[in-house]
Amino acid sequence: MKSAAVRVGGQQNEVYHLLQRPWLLTTPSTRRDWVPKPGSSSKTDQHLCILRDDLLHPLYGGNKSRKLDALIPSLVHSGVTDVVTCGGVQSAHTAAVAVACAEHNMRAHLLLRGEAPAVPAGNLLISRMFGLCTHVTRAEYADRQSMLRRYLESLDEAKTAVIHEGAASPVALLGLIRLVNWLADEPSTVDNQRHCNQPVTVVIDSGTGVTATGVALGIALLQLPWKVVGVMLAGNEAYYRNQQQELITSFMLEYGRPAGLQWPSSLPLTWVPRLTPRTFGKVLPGELRQCKQVAQEHGILLDPIYTLAAWEMGWHLLRDAAPTELVMILHTGGSLGLQGLAQRFPDSF
Ligand SMILES: *Cc1c(COP(=O)(O)O)cnc(C)c1O
């Protein structure tokens, strides 16, 4: 492990040149909360570590900040005036893009799948406040490429850029590599070691899988003894493996084959189903009560669609983890999505 300790944070590390660029976030650092195992009294007992990325920005906190961290400055640098992206009506991605673009003097055009609800709350409200929204029928949306092409033609005077659903692109991975590079140097609670010298499992609730792939790529580039567990919420394993493959392939085309790594290598990334599988977007009885309980006991806001899945998986993995192993969950955000859910289940809160 010594070699990793020297490499991480130093000017000669493998990711140093990738990280010399302007960023959306002024610092890669984030708060870490340590939640003790329920019923444990001793300070030496294992804790679940929560990376509080949800606190990074009031409107695009969570993994959206990381995916946009390098992406937004690169658009600004290219002189882009108008950004086009798409997603569901309650997409946290479109809301995040709209806010970040507005903060940087770009117009965001958001193509939203499906009809608007009677009350525009949550992510939709933010998308409307900060961006220019167009609702698109599900049939039109099914053919995303021609939908986007037609829309771009209507903006022929502008310098435009398209951001794919979920920001699936090589530049979106850089913010996650930056996060890993920062985290590796941080002191752990275990013997005051740094995280880079201990086994760490990072649990990430996954939609498109971009976030989990980016963190796993950062771990591989820095050769850390860590692994990622991606909880599959919006597709099967074949979908996530394909996403991972496409992202890594396009990353290498964009930034070259990283030195010191065997490519195509398998990433330290395992895709696992949710502990209580269901079709994406479904909420099971009792889950909102569970989220309330975590909020009231720990001051951590979870939502039943995304972050509750990582929370449950984190505790599940901690049960069987070796004493030296650290289990972390990356808090991906989701608070605005929770507000959208309240529209659907007003009596459950
Ligand atoms: C967008 C989002 C995700 C999905 O992230 P991917 O990179 O698409 O896997 C997960 N959780 C929350 C709370 C999100 O907003």
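In the stretch 285-315, which residues are within 15 Å of VAL231 (Cβ to Cβ) and away from the ligand (no atom under 16 Å from the Cβ)?
Going through the stretch 285-315, the residues within 15 Å of VAL231 (Cβ to Cβ) turn out to be 287, 302-315.
Listed by number, the list holds a single entry, TRP315.
Does the stretch 186-211 hold any residues that are surrounded by 21 or more Cβ atoms within 10 Å (Cβ to Cβ) and among the acidic types (Asp, Glu), and which are they?
The answer is ASP205, and nothing else.
Among the residues in the stretch 52-66, are any over 15 Å from the mean Cα position of the chain (by Cα) and modelled with pLDDT under 95? I'd like the intermediate steps shown before the answer.
Our first condition is that a residue be over 15 Å from the mean Cα position of the chain (by Cα); within the stretch 52-66, this holds for 58.
Imposing the further condition that a residue be modelled with pLDDT under 95 reduces the set to none.
No: the stretch 52-66 contains no residue that is over 15 Å from the mean Cα position of the chain (by Cα) and modelled with pLDDT under 95.
Residues to consider are GLY214, GLY175, GLY235; find the one that is outside any strand (DSSP E or B), open to solvent by 10 Å² or more (accessible area, probe 1.4 Å), within 22 Å of TYR306 (Cα to Cα) and within 16 Å of the ligand (Cβ to nearest atom).
GLY235
Here's the yes/no breakdown for (1) without any contact (Cβ under 8 Å) to a residue 12 or more places away in the chain; (2) open to solvent by less than 80 Å² (accessible area, probe 1.4 Å); (3) not β-branched (Val, Ile, Thr):
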position	(1), (2), (3)
TRP271	no, yes, yes
ARG274	no, yes, yes
PRO277	yes, no, yes
LEU288	no, yes, yes
HIS298	no, yes, yes
THR307	no, yes, no
HIS316	no, yes, yes
ARG319	yes, no, yes
ALA322	no, yes, yes
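I'd like the full set of residues that are polar (S, T, N, Q) and within 11 Å of the chain's Cα centre (by Cα), limited to the stretch 322-337. Give the steps one after another, and end with the answer.
Step one: of the stretch 322-337, the residues polar (S, T, N, Q) are 324, 332, 335.
Of everything in the stretch 322-337, just one residue is polar (S, T, N, Q) and within 11 Å of the chain's Cα centre (by Cα), namely THR332.
Looking at the structure I just gave you, is LEU302 open to solvent by less than 60 Å² (accessible area, probe 1.4 Å), outside any helix (DSSP H, G or I) and touching a His at 6+ places or on another chain (Cβ under 9 Å)? Let's see the steps before the verdict.
Values: open to solvent by less than 60 Å² (accessible area, probe 1.4 Å): yes; outside any helix (DSSP H, G or I): yes; touching a His at 6+ places or on another chain (Cβ under 9 Å): yes.
Yes: the conditions hold for LEU302.
Tally up the residues in the stretch 156-172 that are more than 16 Å from the ligand (Cβ to nearest atom) and touching a strand residue (DSSP E or B) at 6+ places or on another chain (Cβ under 6 Å), please. Reasoning before the result, please.
Residues of the stretch 156-172 more than 16 Å from the ligand (Cβ to nearest atom): 156-162.
Subset that is touching a strand residue (DSSP E or B) at 6+ places or on another chain (Cβ under 6 Å): 158, 160-162.
Number satisfying all stated conditions: 4.
Look at ASN242 and say whether it is away from the ligand (no atom under 16 Å from the Cβ), without any contact (Cβ under 8 Å) to a residue 12 or more places away in the chain and open to solvent by 20 Å² or more (accessible area, probe 1.4 Å). Outline the logic, then answer.
On the way: away from the ligand (no atom under 16 Å from the Cβ): no; without any contact (Cβ under 8 Å) to a residue 12 or more places away in the chain: yes; open to solvent by 20 Å² or more (accessible area, probe 1.4 Å): yes.
Against the criterion (away from the ligand (no atom under 16 Å from the Cβ), without any contact (Cβ under 8 Å) to a residue 12 or more places away in the chain and open to solvent by 20 Å² or more (accessible area, probe 1.4 Å)), ASN242 does not qualify.
Please verify whether PRO277 is assigned to a loop (DSSP other than H, G, I, E, B), farther than 22 Å from LEU217 by Cβ and in the same structural domain as ASN197 (by TED's automatic domain parsing), treating the condition exactly as stated.
Numbers: assigned to a loop (DSSP other than H, G, I, E, B): yes; farther than 22 Å from LEU217 by Cβ: yes; in the same structural domain as ASN197 (by TED's automatic domain parsing): yes.
Yes: the conditions hold for PRO277.
Name the single residue that is surrounded by the most Cβ atoms within 10 Å (Cβ to Cβ) among those in the stretch 62-108 being in contact with a Phe, Trp or Tyr (Cβ under 7 Å, 6 or more places away or on another chain) and not hydrophobic (A, V, I, L, M, F, W, C).
ASP69
Out of (1) touching a helix residue (DSSP H, G or I) at 6+ places or on another chain (Cβ under 8 Å); (2) within 16 Å of the ligand (Cβ to nearest atom); (3) of a type outside the set (Asp, Glu), what's the single condition that is false for LEU55?
Condition not satisfied by LEU55: (1).
Inspect all residues belonging to the stretch 148-168 and state whether any of them is buried (at least 22 other Cβ atoms within 10 Å of the Cβ), in contact (Cβ under 8 Å) with a residue 12 or more places away in the chain and at positive phi. First the steps, then the outcome.
Taking the stretch 148-168 first, the residues buried (at least 22 other Cβ atoms within 10 Å of the Cβ) are 163, 166-167.
Of the ones still in play, those that are also in contact (Cβ under 8 Å) with a residue 12 or more places away in the chain are 163, 166-167.
Add one more test, that the residue is at positive phi, and what stays is 166-167.
Yes: the stretch 148-168 contains one or more residues that are buried (at least 22 other Cβ atoms within 10 Å of the Cβ), in contact (Cβ under 8 Å) with a residue 12 or more places away in the chain and at positive phi.
Do you know which of the residues in the stretch 135-147 that are open to solvent by less than 50 Å² (accessible area, probe 1.4 Å) and in contact (Cβ under 8 Å) with a residue 40 or more places away in the chain is farthest from GLY88 (Cα to Cα)?
The first filter runs over the stretch 135-147 and keeps only residues open to solvent by less than 50 Å² (accessible area, probe 1.4 Å), leaving 136, 141, 146-147.
With in contact (Cβ under 8 Å) with a residue 40 or more places away in the chain added as a condition, the list becomes 136, 141, 147.
Working: VAL136: 10, TYR141: 10, MET147: 14 Å.
Going through the qualifying residues, I end up with MET147.
Please count how many residues of the stretch 102-112 are charged (D, E, K, R) and more than 21 Å from the chain's Cα centre (by Cα). First the steps, then the outcome.
Let us first name the residues in the stretch 102-112 that are charged (D, E, K, R), namely 103, 107.
Add one more test, that the residue is more than 21 Å from the chain's Cα centre (by Cα), and what stays is 107.
Residues that pass the stated criteria total 1.
Just name the residue that is nearest to PRO58 (Cα to Cα) out of those in the stretch 109-133 that are part of a loop (DSSP other than H, G, I, E, B) and open to solvent by 50 Å² or more (accessible area, probe 1.4 Å). Outline the logic, then answer.
Taking the stretch 109-133 and keeping what is part of a loop (DSSP other than H, G, I, E, B), we get 114-121, 131.
Pick out the ones that are also open to solvent by 50 Å² or more (accessible area, probe 1.4 Å) and you get 115, 118-119.
Details: GLU115: 26, ALA118: 25, VAL119: 21 Å.
Result: VAL119.
Pull up the stretch 178-211, narrow it to residues that are part of a helix (DSSP H, G or I) and aliphatic (A, V, I, L, M), then point me to the one that is nearest to the ligand (Cβ to nearest atom).
VAL210
The values are calculated or read from the model by the stated rules, or taken from the named source; none is laboratory data. Because the structure is a prediction, the values reported are computed rather than measured. Glycine also receives a Cβ, built like all others from the backbone with ideal geometry; neighbour counts cover every protein chain displayed. We work out accessible area using only protein heavy atoms, side chains counted, and drop any ligands, DNA or RNA first. Shrake-Rupley method; radii C 1.70, N 1.55, O 1.52, S 1.80 Å.
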